[in-house]
Amino acid sequence: MAAARLGRGQPEAALEAARRAVDLDPRAEAGADWGYRLASLAFERLGRDAEAVAAAEEAVRLAPGSWTARLRLGTALRRIPGRWTESRAQAARAARYAPEEPDPHVLVGDLSLLRGDYAQARTAYRHALRRRDDHPGARINLGLALLRWERSRGHHDPAWPVDPRETGRARRALEVWSRQVRLLLAVALLGIAAAVFGPGLAAALGEGGAAAFAPGLLTEARVGGGAALAAVLVITLRQARRVRLWPYVPGMLVRDPWLFLSVVITLLAVAAYGAALATLPRAARQLASAVTEADPADLPENLLGNVWAVPVLLVLLNGVALPVLRTLAEAWRGRPVRALAQFTEADEDRTAGRDIDVTLWLVAVRAWSALAAVAAAAWFLEDGRWAFTALAVPVVLRWAYGRAGRPSRLRGVLAGDRWLAGVLTLLAAASLVLAAAAAVRALGLPGPLDRRAWQVGIGVLAAVVAAYVARAARAWWQGTPGPGRASLIMCESCGRRLPGDARPPVGLSGEVRRAFADGRGVVLAYADSTGPRALPVGSVGSVGPGGELRLIAADDAWEAAERDPRVAVFVADPLERRFWAEVRGVAVGDAEAEVLRVTPKHVMVGDYPGRHQGRLRPRDGSPAR
């Protein structure tokens with residue numbers, strides 16, 4: 001009942017049923033670890049992570065050789081701050097106990113992906129897909145690994161023994177410091193420029209004569225600029241007090257390149273602002289000379305050639321340049337076509353649909369940047385023939401569409417996002433217009449037609465930017481996924497089926513239990529460095545209530561179980577010798593009790609040859625063979 005309610009998305013009712021199951025099975029006769037595993041999963045879905053870990057730990061105590069219990073504990077631990085290493089160890093143990101199952105490999109991949117180890121994550125997901133080709137979690141998260149996805153807390157290493165909320169507060173303090181300092185310096189520099197140069201420029205441009213700059217304002221402007229630097233110091237000290245984890249800040253900057261870049265640009269902005277203050281008198285003289293002696297039409301060019309131009313542009317435009325740079329860099333990161341091929345194979349999962357939409361936006365940004373580069377090359381090199389290469393963009397997009405998995409899935413996503421469909425249409429139109437502009441120039445057609453073609457092409461590219469910004473603003477306003485990489489999400493318990501850690505345990509039937517309890521011809525099969533081996537153990541020490549076998553075995557069997565815990569135990573019917581039983585399971589040494597505890601994974605019963613000969617009789621629901 002608990003499993004059925006979890007499958008219907010009713011965690012509270014499932015928790016109640018799981019607790020009742022555990023209460024009715026106090027001696028674990030029917031596999032009480034299953035009840036604890038289901039209770040742990042229900043706790044997790046209710047957001048009660050500490051209780052989920054406690055229930056999973058109890059399941060492991062009851063069945064230490066159960067790969068499902070290890071998987072459940074590893075999954076629960078991944079949500080607890082500072083326990084990533086323990087989670088990784090449990091996931092690795094589950095994969096070691098059941099390498100033929102996909103879910104342990106998926107958990108290993110998820111933990112690697114969360115830490116940014118993309119190569120290991122891809123390997124783990126491919127191992128899972130070789131075992132189950134239609135696993136939605138492996139498909140979707142493999143696509144994220146191919147995209148080199150970063151989670152929202154990319155600055156935090158899950159292996160750090162510190163709460164990610166603490167590092168999150170430190171990151172926010174650094175971001176606020178960067179934002180406030182850069183904004184303050186930009187406003188202060190605009191005020192200085194308006195106070196010192198504004199009256200002179202207005203007089204010179206209005207009268208067409210000599211500039212009326214006021215040298216006396218330079219001293220006041222520099223004093224005011226110094227006051228802005230003092231305010232920067234106050235902001236820095238205030239935000240520094242909020243960073244309580246300074247030893248982790250270097251690691252945060254290494255893991256989050258955009259946080260690092262934001263800090264570096266802020267420091268550069270402070271240095272540029274100081275340089276602007278230091279060169280203010282010289283800049284004023286140069287500008288006065290340019291306004292007085294040069295043609296007013298050449299004033300913009302003279303302003304850009306001023307000694308003040310570089311620091312001023314750095315202080316004023318970094319707030320725009322940084323988001324643009326981040327958008328372009330994130331679009332060109334990873335392999336979106338291969339990622340789309342994985343996303344589209346994940347059936348109709350909503351998580352996959354969202355990731356497909358975002359990935360197509362990343363492809364669109366790539367196409368736009370390629371067209372912008374073509375237009376810039378044609379302008380700077382003064383050779384319009386470069387624009388012919390714009391025709392390659394729709395060709396590459398068509399190739400990507402053919403390689404990106406199921407076309408019907410892509411068409412469905414495009415039908416649901418009209419902004420994206422419109423942007424892709426505009427990109428195709430821009431490539432054709434730029435190629436047409438190149439043809440007009442190559443054919444030597446009239447100048448107005450040439451200019452008009454280029455204007456239309458640049459206008460279409462600008463329309464794509466406007467559509468992207470509008471789509472992002474709409475998503476921000478409505479709280480819905482936007483077109484940026486930050487909207488990509490992992491698959492956690494997605495799909496219609498319950499995860500592997502909710503699977504029921506494999507028990508022993510009454511006749512098999514009696515055979516192991518009373519038999520004297522028990523054989524343990526295992527593998528060591530020389531190959532497969534069979535070791536007679538005489539008898540089973542005991543059979544646990546949940547079907548666990550407790551064997552008294554030699555030291556070499558213990559050593560072999562440490563290397564590879566997968567074993568098989570054979571027994572014959574001790575009374576009439578009519579059947580034999582094979583239990584394949586996981587052997588874990590119990591040093592205190594001096595026994596090997598074998599948790600069953602697969603039980604097979606067969607008849608001995610003779611008049612009672614029959615087919616193999618599986619006891620765990622698998623087909624007879």
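The values are calculated or read from the model by the stated rules, or taken from the named source; none is laboratory data. Everything numeric here is computed off the predicted structure, so don't read it as measured data. So basically every Cβ, Gly included, is an ideal-geometry build from the backbone, and we count neighbours across all protein chains shown. The protein model used for the area step is the full one, side chains on, heavy atoms only, and it has no ligands, DNA or RNA in it. Shrake-Rupley method; radii C 1.70, N 1.55, O 1.52, S 1.80 Å.
If you fit an axis through the alpha-carbon atoms of helix 67-77 and take the longest principal axis of the Cα set of the chain, what angle between them do you get, 0 to 90°, nearest 10?
30
Defining a contact as two alpha carbons under 8 Å apart and six or more residues distant in sequence, what relative contact order in percent does the chain show?
Over the chain, the number comes to 12 percent.
Rank Thr480, Leu245, Leu147 by how far each Cα sits towards the positive end of the charge dipole of the chain (+1 on Lys, Arg Cβ; -1 on Asp, Glu Cβ) and give me just the farthest.
Selected residue: Thr480.
If you project the alpha carbons of the stretch 139-188 onto their three principal axes, what span does each projection cover, largest first, in Å?
That gives 51, 27, 10 Å along the principal axes, largest extent first.
Taking the Cα centre of the stretch 45-199 as the origin, how large is its charge dipole in debye, to the nearest 20, when only Lys and Arg (+1) and Asp and Glu (-1) carry charge on their Cβ atoms?
So the magnitude is around 160 debye.
In degrees between 0 and 90, to the nearest 10, how far off the longest principal axis of the chain does helix 309-331 point, with axes built from Cα atoms?
30
Grab the alpha carbons of the stretch 461-506, take their convex hull, and tell me the volume per residue in Å³.
In the stretch 461-506, the Cα convex hull volume per residue is 105 Å³.
P(r) for the chain: what percent of alpha-carbon pairs falls in each 20 Å bin, starting at zero?
In order of increasing distance, the bins hold 15, 35, 28, 15, 6, 1, 0 percent.
Among rounded, prolate and oblate, which fits the stretch 73-132 when a ≥ b ≥ c are the square roots of the eigenvalues of its C-alpha gyration tensor, a/c under 1.5 means rounded, and a/b larger than b/c means prolate?
oblate
How big is the stretch 48-108 on each of its three principal axes, counting only the C-alpha atoms and giving the largest first in Å?
Result, largest extent first: 30, 23, 15 Å.
With every protein chain left in place, what is the accessible area per residue of the stretch 447-497 in square angstrom, probe 1.4 Å?
Normalised by residue count, the accessible surface of the stretch 447-497 is 59 Å².
Can you bin every Cα-Cα distance in the stretch 303-377 into 10 Å intervals starting at zero and give me the percent of pairs per bin, rounded to whole numbers?
For the stretch 303-377, the binned pair fractions read 16, 31, 27, 15, 8, 3 percent.
Suppose only helical runs count, i.e. DSSP H with n ≥ 4. What mean residue ellipticity at 222 nm does that imply for the chain under -39500 (n - 2.57) per run, divided by all residues and rounded to the nearest 500 deg cm²/dmol?
-21000 deg cm²/dmol
Ordering Ser112, Ser509, Ser408, Ser152 by how much accessible area each has at a 1.4 Å probe, largest first, what is the list? All intermediate terms of the calculation are to be shown ahead of the outcome.
Details: Ser112 5, Ser509 35, Ser408 70, Ser152 115 Å².
Reading off the accessible areas and sorting them downward yields Ser152, Ser408, Ser509, Ser112.
Rounded to the nearest 10 degrees, what's the angle between the helix 350-380 long axis and the longest principal axis of the chain, both from Cα atoms, 0 to 90?
30
Give, rounded to the nearest 20 debye, the magnitude of the charge dipole that the chain has about its Cα centre when Lys and Arg contribute +1 at Cβ and Asp and Glu contribute -1 at Cβ.
Value, rounded to 20: 840 debye.
Of Phe516, Gly546, Ala470, which is farthest on the positive side of the dipole of the stretch 465-558, counting Cα position, with +1 on Lys and Arg Cβ, -1 on Asp and Glu Cβ, and the Cα centre as origin?
Value: Ala470.
Ranking request for peptides 236-244, 361-369: highest mean number of other beta-carbon atoms within 10 Å first, then the rest in descending order.
Numbers: 236-244: 13.4, 361-369: 21.6.
My ranking of the peptides, most packed first, is 361-369, 236-244.
Please provide three numbers in whole Å: the alpha-carbon extents of the stretch 28-142 along the principal axes, with the largest listed first.
Computed over the stretch 28-142, the largest-to-smallest principal extents equal 39, 29, 22 Å.
I need the peptides 43-53, 98-108 ranked by packing, meaning the mean over residues of other C-beta atoms within 10 angstrom, with the highest value on top.
Ranked from most to least packed, the peptides come out as 98-108, 43-53.
Considering only Pro407, Val395, Trp419, whose Cα is most displaced toward the positive end of the charge dipole of the stretch 352-444, charges sitting on Cβ of Lys, Arg (+1) and Asp, Glu (-1)?
Working it through, the farthest residue towards the positive pole turns out to be Pro407.
Given Cβ point charges of +1 (Lys, Arg) and -1 (Asp, Glu) and nothing else, what value in debye, to the nearest 20, does the dipole of the stretch 416-532 about its Cα centre take?
400
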